[in-house]
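A short write-up of the structure that comes next.
The numbers here are math on the coordinates, done by the rules we state, and not lab data. Since we're looking at a predicted model, the values are computed, not measured. Please note: Cβ atoms are built from the backbone with ideal geometry, for glycine as well, and neighbour counts cover all protein chains shown.
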Amino acid sequence: MTTLETCFLIFLGIQILHSIEELTTGFNKRFPFFKLSFASFLIFEILFLSFWILVYSIESFPIRTELMAFYLLLMFANGIWHLAWWGIEKKYVPGLVTAPLFVIGFPFFYYQLF
């Protein structure tokens with residue numbers, strides 16, 4: 001297993017926890033850009049996680065390495081967004097507990113990869 005694959009799997013595990021946190025704390029109702037029904041948000045989360053699991057599972061997936069690196073960056077940005085949202089709201093926002101793990105983990109993984 002490569003370092004990128006290890007980093008990817010760790011972030012995927014964090015994302016699963018992050019999704020559970022968001023699903024159980026009403027992210028779909030509080031997201032400032034648009035609201036979703038719980039069912040719509042759940043379907044999005046299932047499709048999103050399924051895509052990334054496929055990227056990892058299929059070694060011949062086109063541009064797999066680039067997608068996995070992009071995923072790490074995407075999750076870092078997700079963590080930054082949640083922290084910024086918390087800074088604006090000045091109170092708990094759905095996903096805040098797990099989001100910092102992306103921010104803390106990204107520099108470590110970045111320096112391991114490059």
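Please sort by residue number the GluC sites (Glu not before Pro) in the range 38-104 whose DSSP state is loop and whose Cβ has at most 16 other Cβ atoms within 10 Å.
For GluC sites (Glu not before Pro) across the range 38-104 that sit outside H, G, I, E and B with at most 16 neighbouring Cβ atoms in 10 Å, the list reads Glu59.
Check every DSSP H run in the chain and write down those whose alpha carbon atoms cover 15 angstrom or more along the long axis and whose mean Kyte-Doolittle hydropathy is 1.6 or greater.
Qualifying helices, which must be both long enough and hydrophobic enough, are 38-57.
Counting each DSSP H run of 4 or more residues in the chain as -39500 (n - 2.57), what helix-only mean residue ellipticity at 222 nm follows after dividing by all residues, to the nearest 500 deg cm²/dmol?
Estimated from H runs of four or more residues: -25500 deg cm²/dmol.
Specify whether the C-alpha gyration tensor of the range 49-114 places it in the rounded, prolate or oblate class, a ≥ b ≥ c being the square roots of the eigenvalues: rounded for a/c under 1.5, otherwise prolate if a/b is larger than b/c and oblate if not.
prolate
Between Leu17 and Ser60, what's the calculated FRET efficiency when r is the beta-carbon distance and R0 is 35 Å? Round to 0.05.
So the FRET efficiency works out to roughly 0.75.
Give me the Kirkwood hydrodynamic radius of the chain in Å, from all C-alpha pairs, to one decimal place?
Evaluated on the chain, it is 14.8 Å.
Can you give the FRET efficiency to the nearest 0.05 for Lys29 and Leu74, using r as the Cβ-Cβ distance and R₀ = 25 Å?
E(calc), rounded to 0.05, equals 0.60.
What net charge is computed for the residues neighbouring Thr65, neighbours being all others with C-beta under 14 Å from the C-beta of Thr65, Lys and Arg scored +1, Asp and Glu -1?
Around Thr65, the charge tally is -2.
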